[in-house]
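Below is one structure, written out as structure tokens; comments come after it.
We did not get these values from a lab; they are worked out from the coordinates using the rules stated. Since the model is a prediction, treat every value here as computed from it, not as a measurement. Cβ: placed from backbone, ideal geometry, glycine included. Neighbour counts: every protein chain shown.
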Amino acid sequence: MLKKEDNEKLCRTNSGTPMGEVFRSYWIPALLTEEVPEADCPPVRLKLLGEELVAFRDSEGKVAILDAYCPHRRAHLFWGRNEECGIRCVYHGWKFDQAGNCVDMPNEPDNSKFKHRVKLTSYPTWEKSGIIWTYMGKGEQPSYPDFEWLRAPDTHFQVSKTYEGCNWLQALEGGIDTSHSSFAHNNNIQDKKSMRSRATNPKLEVDKTDYGFRYVGIRDLKDDGNYIRAYQFIMPAQQMRGQMIKWHDGSREDYPTVRGHIWVPIDDESVWVWNFKYTSEPSIPLDPKFSLEQEILFGRGPDDVLPGYRLKRNPSNDYLIDRELQRTKTFTGIKGVNTQDYALQETMEKPFIDRTKERLGTADLAIIAARQMLLEAIRDLEEGRQPKGVNPETYRNVRACDRFLPKGIDWREGLAEDMQAKF
Amino acid sequence: MLKKEDNEKLCRTNSGTPMGEVFRSYWIPALLTEEVPEADCPPVRLKLLGEELVAFRDSEGKVAILDAYCPHRRAHLFWGRNEECGIRCVYHGWKFDQAGNCVDMPNEPDNSKFKHRVKLTSYPTWEKSGIIWTYMGKGEQPSYPDFEWLRAPDTHFQVSKTYEGCNWLQALEGGIDTSHSSFAHNNNIQDKKSMRSRATNPKLEVDKTDYGFRYVGIRDLKDDGNYIRAYQFIMPAQQMRGQMIKWHDGSREDYPTVRGHIWVPIDDESVWVWNFKYTSEPSIPLDPKFSLEQEILFGRGPDDVLPGYRLKRNPSNDYLIDRELQRTKTFTGIKGVNTQDYALQETMEKPFIDRTKERLGTADLAIIAARQMLLEAIRDLEEGRQPKGVNPETYRNVRACDRFLPKGIDWREGLAEDMQAKF
Amino acid sequence: MLKKEDNEKLCRTNSGTPMGEVFRSYWIPALLTEEVPEADCPPVRLKLLGEELVAFRDSEGKVAILDAYCPHRRAHLFWGRNEECGIRCVYHGWKFDQAGNCVDMPNEPDNSKFKHRVKLTSYPTWEKSGIIWTYMGKGEQPSYPDFEWLRAPDTHFQVSKTYEGCNWLQALEGGIDTSHSSFAHNNNIQDKKSMRSRATNPKLEVDKTDYGFRYVGIRDLKDDGNYIRAYQFIMPAQQMRGQMIKWHDGSREDYPTVRGHIWVPIDDESVWVWNFKYTSEPSIPLDPKFSLEQEILFGRGPDDVLPGYRLKRNPSNDYLIDRELQRTKTFTGIKGVNTQDYALQETMEKPFIDRTKERLGTADLAIIAARQMLLEAIRDLEEGRQPKGVNPETYRNVRACDRFLPKGIDWREGLAEDMQAKF
């Protein structure tokens, strides 16, 4: 239930669009470190917010993100030679450094000054925790991101990315939606005692903040109190959630992690989904075996992924849905928690869903809040204000969690300490 | 030789188009029974007249056809769970019965009345002779179809469907075209005595009726009299023809069947071709071996068809045309009578042929009549009249045949009895 | 650095476009003789300048090029029967001769005169040196092409064609670009003494002529004088260049050939690249082994080509780029001299490059001249003048060459004789 023009505004992120300008106000994840693993390695193609780009790690280890097309005659720099602090176009040998300066033009006369007048669009990068971040805006660079998880040591942190073939907003909306986990992600429909089955209609509460909002889904477990799942939504496209989980060898009652996603539009019909997790206790490192098991559970284990960070289970094979499994065991018949999300989101209307036809309920409060906040950011920018969450001070001390609370205790109080960063 | 605007009018059938509204005035075939074989079986995707739909057979055996997208947040109901008289969306568990009522909304508060205000577009269905029919109009449901072949018992009747990748009208026009069988379907060019070779220019006569028109192709066999092939065109998109054929074991001189097609637009560039046949004598059941041989002859035997009722011989492999076979034996070099049609029709201009460039002759009288009648149906609807052939009384007693007649006997007289239904 | 409207004008060649009309003023290569090798062989599909066509060699050996769609009901004539001096549509048997006349209409009454009023668009053809040429214009046919290479005997000449998936103009611009060979085609980056490495910034000089222009790239080899590569640009889309090369068995110091390309638009996003070479000395035939080696070197040997004259190394496999090879041996890491060009040109912006964003230098003088000349041809046509190079008298005596010249000798003088045809 969104006006057609607001839906268009929120979904489209190419250069010059309102939401595109919002995204260009923030540092966003661009690449995994592993994609440009070492100095002078081959350049890679990259598309972000509808822009064709090329990235390379120069001889000094600095990652450059440049317009994909050589300004001379528009050859793609993916074919380029990454050599001595610059990428050299293989068409005529023009060379550009990481700042986009043309530093060599060997097919022009030796004394030519032409190269000093040629510059290629270049976006600044910052590398942290295995992620190469970029800022694609025209204005002054904001401070670097300072999410708690970027301060967690590598021993406590894990990150991956996945391609999803749908508009970024329907991916994000799925990610901040809490009630669907009782359905789409119910992988044991026979177990009527599971958390998912016991309270399928969590009560949502949303508190707006300077970085976005925090919100909870409260599941009423009757005599057992409440199960509270507390999320953070950090502008423009980050979800953070807590996830207690039994330790895989049974040696602990729970193994609390904080997890989340960032959604970065590739273009209007596809999105990079960034997936991170870290242990919420500085004293407990992230067990690699547990981490791998979780990646597999979520559908992105080593056997689940094709080149280009695409999933083997995808629209071309109906996500290998198993109708018998669906009948007897899992709600969807599709393996992989996030694969279940992708199956739902990638097969919606193209290029993006018609939100004028939606029927939203009380379970959609967080989604409604996110849309309001994104529209507010568009207005902020148009009226010359900095959008929420650009300044890291606004979010650096927050985190998410999930907990059981006795009835009668407000989560704002009961979870106050658990929602404070410890790293 | 059709005006551009009339060509557009006839070819496009999405919701809101003139021809789309005509199609939505009739019951049309939607699915084979075999696609939803039993109660609570998996749902199937379905696209008709440009609309994305989902179908399922509910616990009581009733087939439902619904809008494909859950009205909540637009997930595709193909992924849904078909359970206890309704389909449950796997995103948030909303459940819809076969009439499109929301009967459960488990992620909303227990006492919520929201579900009573949510409804999904649903089209009525009717199942007969292995076919699930639907009515996609907004007005009052017309009476159920009552073609003779729907009254023939299962022992006398056979039906199949095939995907064809072209606009519905060029498929229909090929189907009501009688002279092309002397060329496209001449599978023995050496045999100069065959019916096809003896008179390649049948004289056409068209009689308009309340349900469409009946027409004949008269082949002048000189001293042997005339060979008359009498067709029915039943609005909006059915062809019915007679087909004498020698019994496969030689035990009979002829084995008369009535056959036909219905063309149902999937979208403007593809169409479902429904193929039916039945024995024209109530005393003679349809021999399964003969029926299978005929399906193979027409190019849709078990070895000819891919999943989704698509043909193995298709544009991607040039229909496996055999130029040597074409040179020496068959007119086209392509196997399968209807595959020959598809090769011709699927490789015409996209999205549909430019009929302003045609040069029609006397052999095209039936096609011209069909276009006139379809344009008339558009006007009928626009002016508030029921189009021809909606009322089954208009066509229930007609059938088609082919016969030899002595010269001088008018077919209207000579075939009068043979063109009367016997079932 | 071209105005947007001029870029559109130059790139688009469908019927009715300004550049389309320019192309339709010349004879252009349509097919290789090998594609329709003998009388009455199967017809072939053909697309030129955005027009869907069909070609066949009739019983008398004459090649016909016709509109692809039968004027009756628009079936594709590719399926047709090539028989007794005409192609017969397999839908209803209408038959057309090579001039597009309807010579048989067997589904119409015996005495019908209808066929005399039906005609199919037909383009004249002329066959020479293994190439079938066509003239797609509406005006009077110009004289047949008379390039020197068409006069070279078959023993001295070789021709091939290749599909390239980009707009014709970026292919042509690559072809008349001389400085890129020091980069894209440098297949031995270690060899600092090679011609390519010794002078990467040739000085360009362009002389406009009545057929287009001739131009040179002058490489300053210091004490060794100059290396001059002299090209011809013959309107509308032919490049001709000289290429000295050491004889493959070492028995000669050089083995001079003249080579070139013609680019013929298939549609706005793809182009046929015609590749020809001939020995520049009438006394020396073209050695087949040498010729084959050169085809392999250029990336179109027997093992490099797929059906339809497409390359195995193509965008779907990143041209099998070998980054290690690129690091250590060749500038691009891609095998095949012209494959290197295709990799660069096929991966530029779609449907064609945005030339308003280019930064052209002195190395691009020939490209600038070609654009001016093509725009001039558009104006010529619009104002009723014959474009340059339509009349073979203007170019019949020219050829290209490459030579070493001592300093101080102007190439116009030093190469005067070498740039004169000898055949």
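What are the DSSP H helices in chain C that stretch 18 Å or more along their long axis, judged by alpha-carbon atoms, and whose average Kyte-Doolittle hydropathy comes to at least -1.0?
Once both thresholds are applied, what remains is C:365-382.
Could you compute the FRET efficiency for residue B:141 and residue B:404, with r as their C-beta to C-beta distance and R0 at 51 Å, rounded to 0.05? Write out the running numbers ahead of the final one.
Working: r = 43 Å, r/R0 = 0.84.
Here the calculated transfer efficiency is 0.75.
Mind checking the dipole of the protein assembly as shown: about its Cα centre, +1 per Lys or Arg Cβ, -1 per Asp or Glu Cβ, Debye to the nearest 20?
400 debye
With unit charges on the beta carbons (Lys and Arg positive, Asp and Glu negative) and the dipole taken about the Cα centre of chain B, which residue among B:141, B:369, B:282 sits farthest to the positive side?
B:369
Using Cα centres only, tell me the gap between segment A:284-317 and segment C:134-201 in whole Å.
The two parts, judged by their Cα centres, are 49 Å apart.
Please list, short to long, the whole-number percent of alpha-carbon pairs of segment B:218-350 in consecutive 5 angstrom bins beginning at zero.
Values per bin, smallest distances first: 2, 8, 14, 18, 19, 19, 13, 5, 2, 0.
Going by Cβ distance under 4.7 Å, what cysteines of chain C have no possible disulfide partner?
For chain C, the answer is C:11, C:41, C:85, C:102, C:166, C:401, because their Cβ atoms have no other cysteine Cβ under 4.7 Å.
Within 11 Å, Cβ to Cβ, of residue B:267, how many net charges do the neighbouring residues add up to if Lys/Arg are +1 and Asp/Glu are -1?
Net of charged neighbours comes to -2.
What is the distance, in nm, between label points placed 7 Å from the Cα along the Cα-to-Cβ direction at residue B:309 and at residue B:222?
4.5 nm
Test of understanding: in a Gaussian network model of chain B with alpha carbons linked when under 10 Å, which of B:405, B:32, B:77 would top the mean-square fluctuation ranking?
Fluctuation is largest for B:405.
Please provide three numbers in whole Å: the alpha-carbon extents of segment B:27-135 along the principal axes, with the largest listed first.
45, 27, 20
If you place +1 on the Cβ of every Lys and Arg, -1 on the Cβ of every Asp and Glu, and leave all else neutral, what size is the dipole of segment B:304-397 about its Cα centre, to the nearest 20 Debye? Please list the in-between numbers first.
Working: 16 positive and 15 negative charges, 59 e Å.
For this selection, approximately 280 debye.
Considering only the other residues whose Cβ falls under 12 Å of the Cβ of residue C:338, what net charge follows from Lys and Arg at +1 and Asp and Glu at -1?
So the surrounding residues net to 0.
Given the pairs A:277/A:335; C:62/C:119; A:128/A:350, which are separated by over 23 angstrom at their Cα positions?
Table pairs above 23 Å Cα-Cα are A:128/A:350.
Just the Cα atoms of chain A, one point each, no solvent: what log10 I(q)/I(0) does Debye give at q = 0.10, 0.14 Å⁻¹?
Each listed q corresponds, in turn, to -0.73, -1.37.
Quickly estimate the mean residue ellipticity at 222 nm for chain C, helices only: each DSSP H run with n ≥ 4 gives -39500 (n - 2.57), and the total goes over all residues, rounded to 500.
-5000 deg cm²/dmol
How charged is the neighbourhood of residue C:15? Take every other residue with its Cβ under 13 Å from the Cβ of residue C:15, and add Lys/Arg as +1 and Asp/Glu as -1.
On the way: positive: C:12, C:24, C:47, C:138; negative: C:21, C:51, C:52, C:67, C:267, C:268.
With Lys, Arg at +1 and Asp, Glu at -1, the net is -2.
May I ask you to report, in nm to one decimal and beginning with the shortest, the distances from residue A:322 to the same position in the other copies, taking label points 7 Å along Cα-to-Cβ?
In ascending order, 4.3, 4.3 nm.
Please average, across the residues of B:36-43, the number of beta carbons from any other chain that are within 10 Å of each residue's own beta carbon, and give a whole number.
The mean count of partner-chain Cβ atoms within 10 Å per residue comes to 1.
Whose Cβ in chain A comes nearest the axis that rotates A onto B, and by how many Å?
Result for the axis mapping A onto B: A:316, 9.
Under unit Cβ charges (Lys, Arg +1; Asp, Glu -1), what dipole magnitude, rounded to 20 debye, does segment A:148-414 have relative to its Cα centre?
Details: 39 positive and 41 negative charges, 122 e Å.
The dipole magnitude comes to about 580 debye.
Between the DSSP loop rule and a limit of at most 12 other Cβ atoms within 10 Å, which trypsin sites (Lys or Arg not before Pro) in segment A:191-222 are left?
Here the sparse-neighbourhood loop sites are A:192, A:193.
Compute a Gaussian network model of chain C, connecting alpha carbons closer than 10 Å, and tell me which residue from C:106, C:282, C:43 fluctuates the most.
Greatest mean-square fluctuation among the candidates belongs to C:106.
Just how far, in whole angstrom, is segment B:82-119 from segment B:376-399 if you go by their alpha carbon centroids?
Centre-to-centre (Cα) distance: 38 Å.
Averaged over peptide C:66-77, how many Cβ atoms belonging to another chain are found within 10 Å of each residue's Cβ?
That average works out to 6.
Along the charge dipole of segment A:27-135, Cβ charges K/R +1 and D/E -1, which of A:53, A:132, A:32 sits furthest on the positive end?
A:53
Considering only A:63, A:90, A:398, give the residue with the highest GNM mean-square fluctuation for chain A, with springs between Cα atoms whenever their separation is below 10 Å.
Evaluated over chain A, the most mobile residue of the options is A:90.
With each pseudo-label sitting 7 Å past Cα toward Cβ, what's the residue B:328-residue C:126 distance in nm, one decimal?
It works out to 4.0 nm between the two label points.
Once you have a ≥ b ≥ c as the square roots of the Cα gyration tensor eigenvalues for the protein assembly as shown, tell me rounded if a/c is under 1.5, and otherwise prolate or oblate according to whether a/b is larger than b/c.
Note, shape of the protein assembly as shown comes out oblate.
Can you give the FRET efficiency for residue B:254 and residue A:356, using 1/(1 + (r/R0)^6), R0 = 60 Å, r = Cβ-Cβ distance, to the nearest 0.05?
About 0.50, to the nearest 0.05.
Please report the relative contact order for chain B, taking Cα pairs under 8 Å with a sequence separation of at least 6, and give it as a percent rounded to a whole number.
On the way: 887 pairs, mean separation 81.8, N = 423.
19 percent.
Along Cα-to-Cβ, 7 Å out, sits the label point; list in nm, shortest first, how far the one on residue A:192 is from those in the other copies.
Here residue A:192 shows inter-copy label distances of 8.3, 8.3 nm.
Considering every residue in C:169-179, what mean count of other chain Cβ atoms within 10 Å of its Cβ is obtained?
Values: counts 0, 3, 0, 0, 1, 3, 0, 0, 4, 1, 6.
Mean number of neighbouring Cβ atoms from other chains: 2.
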